[in-house]
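Shown next, in structure tokens, is the structure this report addresses.
Read the figures in this text as sums done on the coordinates, not as results from a lab. This one's a predicted model, so the numbers in the text were calculated from it and none came from an experiment. So basically every Cβ, Gly included, is an ideal-geometry build from the backbone, and we count neighbours across all protein chains shown.
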Amino acid sequence: MRKSHVVVLAVLIAVGSMLGTYALTRTTELGVQAREASTKDVDAVVATRTRQLNALEASLRKVLVKKPPPLPALPKFPKTKAQPSQPAPRVYVPAPVTVTRAPAPVARPVSQTKRVPAHEHDSEHAASGGEHDD
């Protein structure tokens, strides 16, 4: 490798490390600033919300001290026979399940009829005694 190439690579590595260090310090500074800003914002929001809740609590305590107004008298209705206001609820019962069984198989007597061959050639072989006609 030529000396000029080595020098160029060394300069590029040096510039890259300097830029990386600068970026790292900026990031950490931004992180500290953001952390401080968010803490201040959160503290302000909490203080505002606490003041609102304290005011609401004070107004609720004032309302609790007061007695509510008396309830109006109930209207008088003539007495009637006691009738249920609603019909009795229906109780649904599932229908009984009937089990149907298949009838027992019927045993049929074996008939003594002559067996019919399945193919034409079967009858020829049986008649000729099993000999082959080629």
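A few comments on the model shown:
- Working ranking of peptides 95-105, 45-55 by packing, defined as the average number of other Cβ atoms within 10 Å per residue, highest first, is 45-55, 95-105.
- Multiplying the residue separation of THR39 and ARG101 by 0.36 nm and subtracting their alpha-carbon distance yields 14.3 nm.
- Spin-label pair ALA88/LEU53, simplified geometry with 7 Å Cα→Cβ offset, distance in nm: 5.6 nm
- Per-residue ³J(HN,Hα) for region 59-69, Karplus 6.51 cos²θ - 1.76 cosθ + 1.60, θ = phi - 60°, Hz, x for Gly and Pro: 5, 5, 5, 4, 5, 5, 5, 5, 8, x, x
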